[in-house]
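The values are calculated or read from the model by the stated rules, or taken from the named source; none is laboratory data. These figures come from a predicted structure and were not determined experimentally. A quick note on method: Cβ atoms are made from the backbone with ideal geometry, for glycine too, and the neighbour counts reach across all protein chains shown. Keep in mind that these areas ignore ligands, DNA and RNA; they rest on the heavy atoms of the full protein, side chains included. Shrake-Rupley method; radii C 1.70, N 1.55, O 1.52, S 1.80 Å.
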Amino acid sequence: MNYIILDLEWNQSSTGKEEVSKLLPFEIIEIGAIKLNSDRIMIDEFSELIKPQVYHEMHHITGKLIHLQMDQLEQGCPFPEVMRRFRDWCGEDCMFCTWGPLDLVELQRNIRYYGLEPLSDGPFRYLDVQKLFSIAYEDRKSRRTLEYAIDFLHIEKDIPFHRAFSDAYYTAKILAGLEAQVLSNYSFDVFHLPKDKDSEIHVVFQDYAKYISRGFADKSEAIADKTVISTKCYLCHRGLRKKIRWFTPNGKHYYSVAYCDKHGYMKSKIRIRKSEEDLVYVVKTEKFITEEQMADIRDKQERSKKQRKKGAQKPL
């Protein structure tokens, strides 16, 4: 398997008033990529400018950031042609790698806009190198800029930043230097949701489990689903009794704590998200926690109850 380290540059409407901006908020104007083999050794590169078909005026922020002019882009080829060459270059057995999740989202929006064959008809694995950097070197939660990571690792800055190829090149440098076990922390692209219950995502990582649901019509339908609200130990697969029932402090995130006789307290967190098809879906994470952490969640539940009561007493 090869690793395809991908970076994109895109332009957007200068006014935001065009009807097409709802369908294609960002038009890709450059694709840059590095190919690493299974040993994470660089074996090939890809770089092409794309001739604009939608936005023919460079947004002022984009122009300042990437130092590209529209007359340069006019020398490129339309997106469908470049995309066909890019996919041929990628090959069949590959995994996409990006700095953050946005590039894959915008790539698939452009693919959909032009009616091209999708990257996948459902969720697929990829490596978010920005997240992997945090896991390897920081607190697992922070998300740094690419240039910060390059400085942190003392990697030589031998080409300028903020062009698709150069940013892919630096991302590849970081990926190549990570310990092999860090790569097991892959991410899922969910531009296309699981089609049904049988294709939903259930995966166990080193210290937590993740579930990604199919699409639901609305939040009420999602949180009524038995799989969504179940609290089953992801290690021994037994149903668990809840010590703290599901509650939400903000209407978007839901928490509960259950207890396993063998593995201890298990925190579950549900996040409600909106899909590209205007459905909602659930990302549920589960992790074993200490008694002190369990007490913190109970305090959060009590604060949430007080806030609801306070809100209910306010006059209309």
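Per-structure values
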read-out: Proximal lysines to residue 305, defined as alpha-carbon separation beneath 21 angstrom and excluding residues fewer than eight positions away on the same chain; value: 219, 242, 243, 252, 267, 269, 314
read-out: Accessible-area value, residue 1, 1.4 Å probe, nucleic acids and ligands omitted, Å²; value: 90
read-out: Rounded Å value of the spacing that divides the Cα centres of region 208-247 and region 21-98; value: 39
read-out: DSSP-loop GluC sites (Glu not before Pro) across region 243-316, with at most 12 other Cβ within 10 angstrom; value: 277
read-out: Residue 236 accessible area, 1.4 Å probe, all protein chains in place, Å² to nearest 10; value: 40
read-out: Fraction of accessible area attributable to carbon and sulfur, the chain (%, probe 1.4 Å); value: 49
read-out: Sequence of 298, 241 from largest to smallest accessible area, 1.4 Å probe; value: 241, 298
read-out: Exposure of residue 60 as accessible area (Å², to 10), given a probe of 1.4 Å and all protein chains; value: 120
read-out: Accessible surface, per residue, of the chain when the full set of protein chains is kept, probe 1.4 Å, Å²; value: 55
read-out: In Hz, Karplus ³J(HN,Hα) per residue of region 171-183 (6.51, -1.76, 1.60; θ = phi - 60°; x = Gly, Pro); value: 4, 5, 4, 5, 4, 5, x, 6, 5, 4, 5, 5, 5
read-out: Residue order for 171, 15 - accessible surface, 1.4 angstrom probe, largest first; value: 15, 171
